[in-house]
Amino acid sequence: MKTDRLIGILSILLQEEKITAPELAERFAVSRRTINRDVEDLCKAGIPIRTAQGSGGGISIMDGYRMDRTILTSRDMQMILAGLRSLDSVSGSRYYSQLMEKLQSGSSAYIGGSDSILIDLSSWNKSSLAPKIEVIQSAIENKNLLEFRYYAPSGESSRTIEPYYLVFKWSNWYVWGWCTSRKDFRLFKLNRMDGAAETNCGFTCRNAPVPDLSNEKVFPGGIKVKALFTPDMKWRLIEEYGLHCFTETDDGRLLFTADFTDMDNLVSWLLTFGAKAEVLEPAEVRNRIRRMAEALAKIYDKTKGDN
């Protein structure tokens, strides 16, 4: 615990010009006295730390000091490389590959063992995804507006945003930014974007909040669903909603209960099960699926195909 805290303090000092003992104490949830002892221990270990009292004072590290990478364990380095490889899977350049080469250079004895964690963040649209990410990263770094065509359930539109964050969540990539037409922060899915382009028009950064992507915030629920599924669909319910989303009935069917946010997405999801799912509640969902089944029956009426 103490070793982890010492490494954490050193990491902060290497990134920030100066920080106070009370600020460190708050970050690590310990007393100021504990922080003072930790700083003494770092000094004894040969880390050139300076402390200054009074207004404008604080704890800092000597200019020009660089952390010896041996402060990282072999496991630490493996985790760093795994993270870099995951980003390289959607990179349009060789930046992450070159960074990995720098870390690995001359460290064959230090970085041992085979790669045990392989993460690929790309999608079926890999060829178009990497260029979008590269454009968005550039726009964020240069603080330039981003333009694109967006395709949403409500229709398609041209959007211009101030981009702040690239986000990977729910197996998809998004960009979080201030939409100039909606006058609010919005989350846009990259796979629904076309013609993403960085403009030459800069913007002054707002106090942009980190997007709250918790399930409770993005999927607040409100539509309580109860449905019966055939036993052979158990694997899919477990995969998508976990072991405790259903109970087995006397006839072997699976009674599924959950909260959904969007009616259209709910109906679309249920239809993917075909006749292997029967909605019990709410009545509105039952009626919508029945009407859709009737419409489909008319389209696929055998008599029409025989003519």
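The numbers here are math on the coordinates, done by the rules we state, and not lab data. On a predicted model such as this, the values are computed, not experimentally measured, just so you know. Please note: Cβ atoms are built from the backbone with ideal geometry, for glycine as well, and neighbour counts cover all protein chains shown.
In this label model, Ser60 and Cys245 are separated by 5.4 nm, measuring between points 7 Å along each Cα→Cβ vector. Between Val210 and Ala297, the C-beta separation translates, for a Förster distance of 51 Å, into a calculated FRET efficiency of about 0.55.
Near the amide H of Ile61, within less than 5 Å, lie the amide hydrogens of Arg50, all on another chain or at least 5 residues away, with H placed in the peptide plane.
Suppose R0 equals 35 Å; then what is the FRET efficiency for Leu118 and Thr160 from their Cβ-Cβ distance, rounded to the nearest 0.05? So the FRET efficiency works out to roughly 0.40. Exposure proxy shown here: for Lys18, Lys132, the number of other Cβ atoms within 10 Å sets the order, fewest to most, as Lys18, Lys132. Relative contact order of the range 143-197, taken over Cα pairs closer than 8 Å and 6 or more residues apart, is 35 percent.
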